[in-house]
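Everything below concerns the one structure shown next.
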Amino acid sequence: MMDTAVPSAEAARLAALERYAILDTPPEAGFDDIARLAAILTGCGMAYIALLDAGRQWLKSAHGFDAALLTCPRDAAFCNDTIQSAGLLVVPDLAEHPRYARYATVIGPPFLRFYAGAPLVTADGFALGTLCVVDTAPRLLTEAQRQGLALLAARVVTELELRRRMLELDTTQSRLALSEAELREMHDQLELDYQGAMDSMADGLLTIGTDGAVAAINEAAAAMLGLDHAAAHGATLQSLLPEDGSGDDLLDALLAPIGDGGPPVRRKVGFGARRLSVLSSAYRMRVGARRGRLALTASLTDITETERLAEAEAILVRDLAEQHRKLQTAYLQMEDSATRIRETARRVRVARIAGGIGVAGLFLAAGLYAWVPSPADWGGPAETSTGGTAITMAPEHVSARIAVVGMLDAGSVVSVIGPFDGLVQDRLFRYGGQVERGQPLLRLNLNEVEVRLRDARSAQIRARQRVAELRGWATGFEVARARRSVAGAELEASDIAARAAQTRMLLSRGIIAADEHRALVQQQRNQALQLQAAQNDLEATLARGDPQTLRIAELELANAEAKVQELEADVANATVLAPVEGVVLMPPEPQGGRRAETIEPGSRVQRGQTMFTIGALESFQVRATVDEIDVNKVRVGQAVTVTGDAFGDLVLEGRVTSVAAQAGGESSGRSGMPTFPVTVAVDGLTVAQRRQLAVGMSASLSIVTYDQPEALVLPPYAIRDQDGQRVVRVRADGQDRMVPVTLGISTPGGVEVRSGLHAGDVVLP
């Protein structure tokens, strides 16, 4: 008795049948011819080609009868057994078969008595259906007829494969036609976009093809070269340039990459009243009929105005340097004049004191004055013979500062991140309020997380059960069932083999008919197939518990356990704590005057989302801006003194931590010039100092831009200008000599001398 259960590989067989896309299609001449040929070959009155899907038998071709007669449920079809057999299935007399005799097509129209079917097996080993011949009278097939029917079945498979490939070819051609149309549309759009992009460029762009003609040119390049944009396309560049030779330099710059062979170099050339910067590069065509031939692409930049401005800027720099030199000379001269005025005033005061003595003292002073060569000698031995006081160089502290105003801010900003996706149940803080480290800030609703946690625990239990099942797979229920099936098939095969041997002996003695023996032999073959199928099922069942499958199950269990741990951690983190001590900062207000989005009860937060920020108050920083005149004097690491009206006599020390390289986008400074953001860090604050400070307080900064504790300083009148160089008169070993010096910054006490003098040198005015 044949097993009509759905084969274990049924899903794969049905998928293969689906790929051929043949079910419920109209009749086709190729298949009809094969069915008719099968009927002629076997001498049967009817033949058909049947395909079996999950629940029915459907006829692609029917010869000698109406196809509706044999279109039936799968379990009522002879072909259901044929597709499970290894070869041709022949039933000489259906009425004598123990199962088929009860089929509706045997006891009713068309009253079949004979059946022979060959399975339609694809190259992948899937039996999609059968090629069958049937008749209303019992009969036998010769060996030649059997072979012919098998060959015709193979021909049906070939027709199926050819039909499938033709369908795939039609689909591919349709897709290619669609892709070609899309490519043409994309090509046209790219050309429009490319030309639009070229025309929107401020620089000129020029492409010269392999034939020396202009392949592409944008509006900017045409304007620079004085060409008509439309007429330039397709014309040679040489024919478009002036014939008087004024464009030769430009032509040489464009063609330079052909001979150089090196990297592209930007060249500056004159063209008419313009100055152009030309960058030309050569490349070889990669596609088309001109593949491998050389072409050029050049970018043109009009630098006429740029060079004019650069020249004007250079002249301005030279003028400013000269004016600065004159201004410094005038300043030194003014200081020298002021020194002379002070000396004259001193002499006048001395004269007034002398006049107060009286008339007698006046005459005496006048007499003495007549005898003394110069009043400068009244200064005593500390003065020199030149009329000025000698200066002995001694180190002193010199510094320079910049004063700016800024605003106190938290030393660092810590983001509070959402631990999981969920709703805010309670908000336990106030924006702008101070919080302590570890203080509860939010409580998140756990309903969604607990649902996910229960699902994860269920998946963990299932994964653990699956791992346990696979670890004992060899002794489990599935393998035991497969082993029982093999044992039963072996017993049945042994029994049929014994009965076949017995009938063979009876047939040799003429006791039984040959048909009875042949039926038993056929049953023996079918049982051998059943045994092979059971053995294959046992092998497949054992393979389902192989080490690789176990490893996959163990990995799935590890994933499930990790998911459970993650969700348990989410439950534990449902109360969000403050990571640092500080102030909860209000989020910045968006543009358009809209209200800033804050965290409120009922708000939804996501894992990894920044819910709000806390300004940590262990340290502070001051944000300020510096004018462009002073920004180059400010460096990271410079010392800063911080004071403020809001924190009284408290004086803080800090350092510059950052200086922006780009001007701020806010309003300019008080002078109307751009300003640059500067950040100053104030560390090492005591608890008492931190209590006096608050985020947002204004602060005054004094940035030390220059500090020299061992500087040498001279009054301006002691510095001379000699042949465009600053010099001072130094007395050494009783001799005077002029020494060149390098000056530094100016201070209220004089001018810093950075080189040329040393401590202890005596300088004469």
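Each reported figure results from applying straightforward, stated rules to the coordinates on display, with no laboratory input. Just so it is clear, the structure is predicted and the values come from calculations on it, not from any experiment. Every residue, glycine as well, gets a Cβ built from its backbone with ideal geometry; the counts of neighbours run over all protein chains shown.
Using only Cα atoms, tell me the angle between helix 29-42 and the longest principal axis of the chain; keep it within 0 to 90° and round to the nearest 10.
Tilt relative to the chain: about 30 degrees.
Considering amide H positions built from the backbone, and no H for Pro or chain starts, which residues 5 or more places from residue 706, or on another chain, come under 5 Å of its amide H?
Result for residue 706 returns 400.
What distance in nm separates the simple spin-label points at residue 732 and residue 639, each placed 7 Å from Cα in the Cβ direction?
My value for the distance between the label points is 3.3 nm.
Helix 514-543: angle to the longest alpha-carbon principal axis of the chain, degrees 0 to 90, nearest 10?
20
For the chain, take N as its residue count and report Rg(C-alpha) divided by 2.2 N^0.38 Å.
In units of the 2.2 N^0.38 Å rule of thumb, it is 1.93.
Determine the shape class of region 109-153: with a ≥ b ≥ c the square roots of the Cα gyration tensor eigenvalues, call it rounded for a/c under 1.5, and otherwise prolate if a/b is greater than b/c, oblate otherwise.
oblate
Which aspartates and glutamates have a Cα less than 13 Å from the Cα of residue 563, not counting those fewer than 8 places away in the same chain?
450, 455
Give, to the nearest whole percent, the P(r) tail of region 9-170 beyond 27 angstrom, counting all Cα pairs.
17
Out of every Cα pair in region 454-565, what percent are spaced more than 19 Å from each other?
Counting every Cα pair in region 454-565, those more than 19 Å apart make up 62 percent.
In nm, give the distance between the simple-model label positions of residue 598 and residue 164, each being 7 Å from the Cα along the Cα-to-Cβ direction.
Placing both labels 7 Å along Cα→Cβ, they lie 6.8 nm apart.
Give me the net charge for the shell around residue 603: Cβ to Cβ below 13 angstrom, other residues only, Lys and Arg +1, Asp and Glu -1.
-1
Quick one: what are the phi-derived ³J(HN,Hα) couplings along region 404-409, Karplus 6.51/-1.76/1.60 with θ = phi - 60°, whole Hz, x for glycine and proline?
Values per residue, Gly and Pro as x: 9, 10, x, 9, 5, 9 Hz.
Using every alpha carbon pair in region 634-765, what percent of pairs falls into each 10 Å bin from 0 up to the bin containing the largest distance?
Percent of pairs per bin, in order: 10, 27, 22, 20, 15, 6, 1.
Rounded to the nearest 5, what % of the DSSP beta bridges within region 715-763 are antiparallel ones?
Here the share of antiparallel DSSP bridges comes out near 100 percent.
Which ³J(HN,Hα) values, rounded to whole Hz and listed in residue order, are derived for region 434-441 from phi using the Karplus coefficients 6.51, -1.76 and 1.60 in 6.51 cos²θ - 1.76 cosθ + 1.60 with θ = phi - 60°, glycine and proline given as x?
Along region 434-441, the couplings run 8, 10, 9, 4, x, 6, x, 10 Hz.
If you add up the charges near residue 240, with Lys and Arg at +1 and Asp and Glu at -1, over every other residue whose beta carbon is less than 14 angstrom from its beta carbon, what do you get?
Neighbourhood net charge equals -4.
What is the gain in length, in nm to one decimal, between residue 66 and residue 454 on full extension, counting 0.36 nm per residue of separation less the C-alpha to C-alpha distance?
Extending this stretch completely gives an extra 133.7 nm.
Could you give each residue of region 212-223 its phi-based ³J(HN,Hα) in whole Hz, using Karplus coefficients 6.51, -1.76, 1.60 with θ = phi - 60°, and x for Gly or Pro?
These are the phi-based 3J(HN,Hα) values: x, 8, 6, 8, 7, 8, 9, 4, 5, 5, 4, 5 Hz.
With r as the distance between the Cβ atoms of residue 518 and residue 76 and R0 = 22 Å, compute the FRET efficiency 1/(1 + (r/R0)^6) and round to 0.05.
With a Förster radius of 22 Å, E is 0.30.
Quick one: give the max-minus-min coordinate of the C-alpha atoms of region 687-765 along each principal axis, largest first, in Å.
65, 26, 17
In region 94-158, which chymotrypsin sites (Phe, Trp or Tyr not before Pro) are in a loop and have at most 12 other Cβ atoms within 10 Å, using DSSP for the loop call?
Those that pass, being in a loop and sparsely packed, are 111.
Given the Cα-Cα distance of residue 653 and residue 243 and 0.36 nm per residue of separation, how much length would full extension add, in nm?
Here the answer is 140.2 nm.
Please list the non-local residues whose amide H lies under 5 Å from the amide H of residue 120, H modeled 1.01 Å from N, same-chain partners needing a gap of 5 or more.
Here the answer is 128, 129, 130, 131, since their amide H atoms fall under 5 Å of that of residue 120.
Could you pull out every residue, at least 5 positions away or on a different chain, whose amide H is within less than 5 Å of the one on residue 580? Hs are placed 1.01 Å off N in the peptide plane, and Pro or chain starts have none.
The answer is 438.
Report the gain in length on full extension from residue 281 to residue 562: 0.36 nm times residue separation, minus Cα-Cα distance, nm rounded to one decimal.
Extra length available between residue 281 and residue 562 comes to 95.4 nm.
Let's see if you can work this out: charge +1 on each Lys and Arg Cβ, -1 on each Asp and Glu Cβ, no other charges. What is the dipole magnitude of the chain about its Cα centre, in debye to the nearest 20?
Rounded to the nearest 20 debye, it is 1520 debye.
Helix 547-572: angle to the longest alpha-carbon principal axis of the chain, degrees 0 to 90, nearest 10?
50
Measuring from label point to label point, each 7 Å out along Cα→Cβ, what is the residue 445 to residue 483 span in nm?
Going from the residue 445 label point to the residue 483 one covers 5.6 nm.
Using DSSP to call loops (not H, G, I, E or B), can you name the GluC sites (Glu not before Pro) in region 15-100 whose Cβ has at most 16 other Cβ atoms within 10 angstrom?
28
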